[in-house]
Structure formats: C-alpha cells, structure tokens
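Working notes, beginning with the structure itself.
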Amino acid sequence: MEIDLGPVSMFERLPALVEIGTGFFYLTRQRKKWVLLSTLCPHQGGEVLWEEDSAEFVCPLHGWRFDACGKTDPGNPGLKKYSVREVRGRLRAKISV
Ligand code: FES
C-alpha cells in the first residue's frame, strides 16, 4: 500500500519526522533516493531520536547509535527501511500500517 506523504517542498529539512497511522518514521535521502526509516530500534524497540550535533540516530534505552542511513555497528541490524518514490512532486511511501 502506498501512502502519500505530501509535496517534496514540505521536506526541506532532513531527516523529517513523519507520522503514518499510529507510527512515526524518519524521512531522509540516501544517494539521491528518498527513504523512510523506522524510529523503532531493532534491539528492543526503543524510539530512536535524531541527534543533530553528531548527525546520528540515538536510542535512549541502551545507547545504540545509527548513522544517517540507519546503519549501526557491524553485526547489528540497522533501522528498518521503506522505499519512497516521487510522483509529480509528491512523495509516496510503500508501507503497511
Ligand atoms: S532498545 Fe535501542 S539500544 Fe536497546
């Protein structure tokens, strides 16, 4: 199912926190592609927060850190990703809620 996130112009500052259904996601760009990242830490489900100073997502529960692409230390899973496509100036996410 595709969810309309709104016009591209709404997302000048990234990562942007977006609400879809009952969940939150970070919209960002990776190698010129739009991507949604889950805000849920793959360790035990903490809600990761974007830390502007270090340009990382940080989980407040046990301190796992994720880079801007959602990757963390080798051997640990990164933040779950969902693809986003741009259609006539609007962003559409493939995600089930
Ligand atoms: S739940 Fe995020 S580091 Fe443990």
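Mind checking which residues of the range 84-97 are out of contact with any Phe, Trp or Tyr (no Cβ under 8 Å at 6 or more places or on another chain) and either within 11 Å of the ligand (Cβ to nearest atom) or touching a residue at least 24 places away in the same chain (Cβ under 8 Å) (or both)?
If the condition is that a residue be out of contact with any Phe, Trp or Tyr (no Cβ under 8 Å at 6 or more places or on another chain) and either within 11 Å of the ligand (Cβ to nearest atom) or touching a residue at least 24 places away in the same chain (Cβ under 8 Å) (or both), then Gly89, Arg90, Arg92, Ser96, Val97 are the ones that fit.
For the range 63-83, which positions are more than 14 Å from the chain's Cα centre (by Cα) and more than 13 Å from the ligand (Cβ to nearest atom)?
Listed by number, the residues that qualify are Pro74, Gly75.
All but one of (1) assigned to a strand (DSSP E or B); (2) exposed (fewer than 12 other Cβ atoms within 10 Å of the Cβ); (3) within 14 Å of the ligand (Cβ to nearest atom) hold for Pro60; which doesn't?
(1)
Any residue in the range 15-28 that is in contact with a Lys or Arg (Cβ under 6 Å, 6 or more places away or on another chain) and not hydrophobic (A, V, I, L, M, F, W, C)?
No, that holds for no residue.
Please go through the range 1-24 and pick out each residue that is in contact with a strand residue (DSSP E or B) (Cβ under 7 Å, 6 or more places away or on another chain), open to solvent by 20 Å² or more (accessible area, probe 1.4 Å) and either free of Cβ contacts under 8 Å to residues at least 12 places away in the same chain or more than 16 Å from the ligand (Cβ to nearest atom) (or both).
Glu2, Ile3, Asp4, Leu5, Pro7, Val8, Leu14, Pro15, Leu17
Looking at the range 25-53, which of its residues are surrounded by 17 or more Cβ atoms within 10 Å (Cβ to Cβ) and among the polar types (S, T, N, Q)?
Result: Thr28, Ser38, Thr39.
The values are calculated or read from the model by the stated rules, or taken from the named source; none is laboratory data. Computed from a predicted model, the values in this text were never measured in an experiment. Don't worry about glycine lacking a Cβ; one is built from the backbone with ideal geometry, like all the others, and counts go over all protein chains shown. Surface accessibility is based on the protein's heavy atoms, side chains included, excluding ligands, DNA and RNA. Shrake-Rupley method; radii C 1.70, N 1.55, O 1.52, S 1.80 Å.
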